[in-house]
Amino acid sequence: MLVFRSLVFNLAFYLNMALWLVVGLPCFVFPRRNLQNLMIAWAGSSMWLMKVIVGTRVEARGLENLQQGGLLVASKHQSLWETFALLPYFDDAAFVLKRELSWIPLFGWYILKSKMIPVDRNGTISAIKSLTAKSKEAVEEGRQLIIFPEGTRRAPGAEPSYKSGTTHLYKRLGKPCLPVALNSGLFWPRRKFLRYPGTIVIEFLPIIPAGLKADEFEQQLQTGIETSSNRLWKEGLEERERLL
């Protein structure tokens with residue numbers, strides 16, 4: 001049954017995405033915010049499909065820590081799930097993502113139209129300057145800049161591997177940072193076909209104020225995200241094993 005439900009969901013997820021890509025084409029002649037609303041609707045429909053087909057619910061904790069306006073958001077990255085599921089919690093999110101995604105026909109057009117921030121992960125000086133400039137523009141427009149500090153998906157419980165990009169932006173932008181912990185990798189594992197029933201928990205941690213020293217910020221960020229994500233991992237693992 002798990003394999004069957006996973007198959008049905010994966011088909012439904014990508015068909016649903018294709019449908020929204022086509023339905024959203026008229027948004028290209030309207031202001032960017034119209035497209036943002038469409039993306040939030042797509043994210044909601046995707047989570048609904050996962051709940052109905054697989055039996056995976058979502059629980060959000062720490063909603064009192066959410067802050068709109070210009071903000072840096074640093075999220076744990078375990079799955080494809082958070083690349084869309086974070087959208088409904090912010091009024092104007094801008095993801096930092098690998099530039100190769102912007103090359104995908106049609107899908108990449110949406111990335112460019114919505115002014116997401118593609119980045120060259122080779123880390124050249126010009127790439128860093130471009131990332132910084134576009135990120136400043138986003139937060140000055142009052143957007144919430146979402147970045148994954150480890151740069152790529154990491155399995156739940158894996159040794160953390162934080163890159164310097166988040167700290168670089170924190171210092172350059174002069175904005176507070178909202179850390180985000182989660183356990184999505186238990187239910188939507190990276191590079192795997194199966195999807196598991198249970199409860200994906202996303203936890204918005206207390207805001208880290210602007211103006212801290214780099215090493216102090218790094219310590220608060222990594223300690224907060226890793227401690228909370230490991231707690232959620234153990235909590236979710238018990239539930240997943242109980243349901244299987």
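Scan segment 101-116 for residues that are in a helix (DSSP H, G or I) and without any contact (Cβ under 8 Å) to a residue 12 or more places away in the chain and jot them down.
Taking segment 101-116 first, the residues in a helix (DSSP H, G or I) are 101-103, 107-113.
Within segment 101-116, W103, G108, L112 qualify.
If G69 passes every condition in (1) loosely packed, with under 15 Cβ neighbours inside 10 Å; (2) on the phi < 0 side of the Ramachandran plot but one, which one does it miss?
In the conditions (1) loosely packed, with under 15 Cβ neighbours inside 10 Å; (2) on the phi < 0 side of the Ramachandran plot, G69 misses (2) alone.
If you check G165, G174, G151, which single one turns out to be loosely packed, with under 15 Cβ neighbours inside 10 Å, over 30 Å from V22 (Cβ atoms) and not hydrophobic (A, V, I, L, M, F, W, C)? Please lay out each step first, then the result.
Numbers: G165 fails: loosely packed, with under 15 Cβ neighbours inside 10 Å; G151 fails: loosely packed, with under 15 Cβ neighbours inside 10 Å.
Matching residue, one of G165, G174, G151: G174.
In the list I111, I117, I125, which residue meets the criterion of being over 28 Å from W233 (Cα atoms) and either aromatic (F, W, Y) or in contact with a Pro (Cβ under 8 Å, 6 or more places away or on another chain) (or both)?
Values: I117 fails: either aromatic (F, W, Y) or in contact with a Pro (Cβ under 8 Å, 6 or more places away or on another chain) (or both); I125 fails: either aromatic (F, W, Y) or in contact with a Pro (Cβ under 8 Å, 6 or more places away or on another chain) (or both).
When all the criteria are applied, what remains is I111.
Starting from residues that are farther than 21 Å from R190 by Cβ and out of contact with any helix residue (DSSP H, G or I) (no Cβ under 7 Å at 6 or more places or on another chain), keep the ones in segment 76-102 and report whichever is modelled with the lowest pLDDT.
Per the criteria, the residue is D91.
Considering only segment 212-233, state which residues are part of a helix (DSSP H, G or I) and loosely packed, with under 13 Cβ neighbours inside 10 Å. Full working, then the answer.
We begin by selecting, within segment 212-233, every residue part of a helix (DSSP H, G or I); these are 214-233.
Correct list: A214, D215, E216, Q219, T223, T227.
To keep it simple, each residue is scored yes or no on (1) under 18 Å from T166 (Cβ atoms); (2) within 16 Å of the chain's Cα centre (by Cα); (3) crowded, with 17+ Cβ neighbours inside 10 Å; (4) without any contact (Cβ under 8 Å) to a residue 60 or more places away in the chain.
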{"position": "M39", "(1), (2), (3), (4)": "no, yes, yes, no"}
{"position": "R57", "(1), (2), (3), (4)": "no, no, no, no"}
{"position": "V73", "(1), (2), (3), (4)": "yes, yes, yes, no"}
{"position": "S79", "(1), (2), (3), (4)": "no, yes, yes, no"}
{"position": "D91", "(1), (2), (3), (4)": "no, yes, no, yes"}
{"position": "P118", "(1), (2), (3), (4)": "yes, yes, yes, yes"}
{"position": "K134", "(1), (2), (3), (4)": "yes, no, yes, yes"}
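Could you grab me the full set of residues in segment 177-194 that are of a type in the set (F, W, Y) and buried (at least 18 other Cβ atoms within 10 Å of the Cβ)?
Restricting attention to segment 177-194, the residues satisfying the condition of being of a type in the set (F, W, Y) are 187-188, 193.
Across segment 177-194, the qualifying residues are F187, W188.
Go over the candidates G198, G211 one by one and state the one that is touching a residue at least 12 places away in the same chain (Cβ under 8 Å), in contact with a Leu (Cβ under 7 Å, 6 or more places away or on another chain) and not aliphatic (A, V, I, L, M). Before you say what the answer is, go through the steps one by one.
Values: G211 fails: in contact with a Leu (Cβ under 7 Å, 6 or more places away or on another chain).
Every option except G198 fails the conditions.
Out of (1) touching a residue at least 60 places away in the same chain (Cβ under 8 Å); (2) touching a strand residue (DSSP E or B) at 6+ places or on another chain (Cβ under 9 Å), what's the single condition that is false for R240?
(1)
Mind checking whether some residue in segment 15-37 is modelled with pLDDT under 90, surrounded by fewer than 20 Cβ atoms within 10 Å (Cβ to Cβ) and touching a Pro at 6+ places or on another chain (Cβ under 8 Å)?
Looking through segment 15-37, none of the residues is modelled with pLDDT under 90, surrounded by fewer than 20 Cβ atoms within 10 Å (Cβ to Cβ) and touching a Pro at 6+ places or on another chain (Cβ under 8 Å).
Do we have any residue at all in segment 161-184 that's touching a helix residue (DSSP H, G or I) at 6+ places or on another chain (Cβ under 8 Å), small (G, A, S) and over 24 Å from L71 (Cα atoms)? Full working, then the answer.
So the first thing to find is which residues in segment 161-184 are touching a helix residue (DSSP H, G or I) at 6+ places or on another chain (Cβ under 8 Å), and the list is 162, 165-173, 175, 177-184.
Then keep just the ones that are small (G, A, S); that gives 165, 181, 184.
Imposing the further condition that a residue be over 24 Å from L71 (Cα atoms) reduces the set to none.
Taking every residue of segment 161-184 in turn, none turns out to be touching a helix residue (DSSP H, G or I) at 6+ places or on another chain (Cβ under 8 Å), small (G, A, S) and over 24 Å from L71 (Cα atoms).
The values are calculated or read from the model by the stated rules, or taken from the named source; none is laboratory data. None of these values were measured; they are calculated from a predicted model. Note that each Cβ is placed from the backbone with ideal geometry, even for glycine, and that neighbours are counted across all protein chains shown.
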